[in-house]
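Note sheet for the following structure.
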Amino acid sequence: MPVSPTDPCEWTASELLTAYASGQLSPVDVTQAVLGRIERLNPSLNAFVLIDQEQALASARASEEAWRQHRADGTPVGALEGVPATIKDLILTRGWPTLRGSHTLSADQPWEIDAPVTARLREAGTVLLGKTTTPEYGCKGETNSPRSGLTRNPWHLGRTPGGSSGGAAAAVAAGLGPLAVGTDGAGSVRIPAAFCGNVGLKPSFGRIPAYPLSPFGTVAHLGPHTMSVRDAALMLNVMSKPDPRDWTSLPPDQRDYTVGLDDGVRGLRMAYSPTLGYVRTLHPEVAAAVDRGVRLLEQLGAHIEAVDPGFDDPLHISTGLWFAGTSSIWRSLTDSQRAVTDPDFQAQAQIGQSIDLARIHELTMARGALGSHMRQFMTRYDVLITPSVAIPAFEARPAGSIEMNAQAMLGWTPYSYPFNLTQQPAITVPCGLSKEGLPLGIQFVGRMFDDAMVLRVARAFESVCPVARPALAWAAG
């Protein structure tokens, strides 16, 4: 199926908003086009667990009328009025089941609550299309589950889109809605964004309110998946609005994250660490692509120093706390529920059961030391540059295909989980393609609370290394 610049499924949210304002496009026409593409492509990708055409078209009609009134007399419209969007199936959405990729939850119950991010997107006028796939309880960096099956990468159907927000990333890359909401507890926004050639932002912890809080605690973030940095900034404007249900959320800063987005990088100080001082296995094509990206930033006027941040691999901290969280979910399940869970989830829970209170305290203290170290390190730099993931997308495989342990879970993504532990903002943007035609990503990590800076640097990089779209040759005919 050839990609056409006239196809509204290929337009960013920013482009759609401009077209709506001028009357060039209507939200109904765009929503119909996106729903049509979902109907054609989702059977191969398996990016959705729920598609609500009726609600989406009703929302699109309301947005079309809102834009008509706006053009007639200046009536205000929502910040994302009429833009199609999706919600990951870990996030509560009124009227739709939130089943978390698990047979342990029943759809036959009231679903009357919107999570904060869902409520904010509704208020902003988005057209919610449906819910995207996740591994069971978001437990790993690939997207397969006993409930929803195997999700595939639109660049190559034999490869994984990553996880745990794999359905969100696959949908955005394939043009099945320009905006998606994911979650990130150890890289779950950034891994699939890198594997699918998207922009994926993990903001500072607390920037986007969450409810209910994740069983995995204060490593868990919410973030946008988009095909442009400007769209990520637009989403952050909406998603960061306060909600009193999240007692860990940051005070509202009233910032417009699109302001200053195009200020460039001239004069900024950046640290570049291709291995973080401990990564032993880095795919050579990833290393070369990120190195080329660094050279581009230098040409734009950034001052870049090759320097490691000076900490040891915190894999044991991340997986120890994660497996303890998995075990807490496991303890809440009945024997019959446990029997139908993902083998990978079961294995994590079994490891977690061996982690006692003293060990959790040790891990928490080690995490605190890492966070303090990085706060101090970042006083010297505006951003830290790393690869996003150490490898291109690997084979799409069913749940339980490999023995689950710390290395299997996160060893291949050593650049993501440290910054969940430190809670810093981090963004991945595409920096090229492998020889096999798979996307590769570069990551910019910012000072805590400086979400605007990572967006600004990512936008400057994007301006000289544009985001590519998958050809979708497998969808021809």
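Quick notes
- From the options Ala119, Ala220, Ala194, Ala124, residue that is surrounded by 24 or more Cβ atoms within 10 Å (Cβ to Cβ) and modelled with pLDDT of 95 or more: Ala194
- In the set (1) over 21 Å from the mean Cα position of the chain (by Cα); (2) charged (D, E, K, R); (3) buried (at least 23 other Cβ atoms within 10 Å of the Cβ), the condition left unmet by Glu112 is number (3).
- When Val265, Val279 are screened for being outside any strand (DSSP E or B), farther than 30 Å from Leu315 by Cα, among the hydrophobic types (A, V, I, L, M, F, W, C) and over 22 Å from the mean Cα position of the chain (by Cα), only Val265 passes.
- Failed criterion for Ser165 (all others in (1) over 11 Å from the mean Cα position of the chain (by Cα); (2) surrounded by 24 or more Cβ atoms within 10 Å (Cβ to Cβ); (3) polar (S, T, N, Q) hold): (1)
- Of all the criteria given as (1) touching a Lys or Arg at 6+ places or on another chain (Cβ under 8 Å); (2) buried (at least 24 other Cβ atoms within 10 Å of the Cβ); (3) closer than 13 Å to Leu45 by Cβ, the one not satisfied by Arg159 is (2).
- Test: residue in region 400-420 that is part of a loop (DSSP other than H, G, I, E, B) and among the aliphatic types (A, V, I, L, M): yes
- Restricting region 351-396 to residues that are surrounded by fewer than 20 Cβ atoms within 10 Å (Cβ to Cβ) and of a type in the set (Ser, Thr, Tyr) leaves a set whose member that is farthest from the chain's Cα centre (by Cα) is Ser354.
- Pairs linking a residue in region 231-253 that is over 15 Å from Ser204 (Cα atoms) to a residue that is surrounded by 14 or more Cβ atoms within 10 Å (Cβ to Cβ) and of a type in the set (Val, Ile, Thr), with Cβ atoms under 8 Å and 6 or more positions apart or on different chains, are Asp231/Thr12; Asp231/Val199; Leu234/Thr258.
- The set of residues in region 285-318 that are crowded, with 16+ Cβ neighbours inside 10 Å and under 13 Å from Ala366 (Cα atoms) comprises Phe311, Asp313, Pro314, Leu315, Ile317, Ser318.
- Region 293-319, residues that are more than 14 Å from Leu384 (Cβ to Cβ) and under 24 Å from the mean Cα position of the chain (by Cα): Asp313, Pro314, Leu315, His316, Ile317, Ser318, Thr319
- The single residue among Thr75, Thr134 that is over 23 Å from Pro161 (Cα atoms), β-branched (Val, Ile, Thr), touching a helix residue (DSSP H, G or I) at 6+ places or on another chain (Cβ under 9 Å) and part of a loop (DSSP other than H, G, I, E, B) turns out to be Thr75.
- Condition check for Ile304 on (1) part of a strand (DSSP E or B); (2) touching a Pro at 6+ places or on another chain (Cβ under 7 Å); (3) of a type outside the set (D, E, K, R): one failure, at (2).
- Which numbered condition Ala289 misses (of (1) in contact with a Gly (Cβ under 6 Å, 6 or more places away or on another chain); (2) under 28 Å from Gly371 (Cβ atoms); (3) in a helix (DSSP H, G or I); (4) not hydroxyl-bearing (Ser, Thr, Tyr)): (2)
- So Val454, is it within 22 Å of Cys196 (Cβ to Cβ), at pLDDT 95 or above, of a type in the set (Val, Ile, Thr) and surrounded by fewer than 22 Cβ atoms within 10 Å (Cβ to Cβ): no
- Which numbered condition Ala171 fails, given (1) on the phi > 0 side of the Ramachandran plot; (2) in a helix (DSSP H, G or I): (1)
- Looking across region 82-117, the residues that are aliphatic (A, V, I, L, M), in contact with a strand residue (DSSP E or B) (Cβ under 8 Å, 6 or more places away or on another chain) and in contact (Cβ under 8 Å) with a residue 60 or more places away in the chain come down to Val83, Ala85, Ile87, Leu90, Ile91, Ala115, Val117.
The values are calculated or read from the model by the stated rules, or taken from the named source; none is laboratory data. Since the structure is predicted, the reported quantities are computational estimates derived from the model, not experimental observations. Virtual Cβ from ideal backbone geometry, glycine too; neighbours counted across all protein chains shown.
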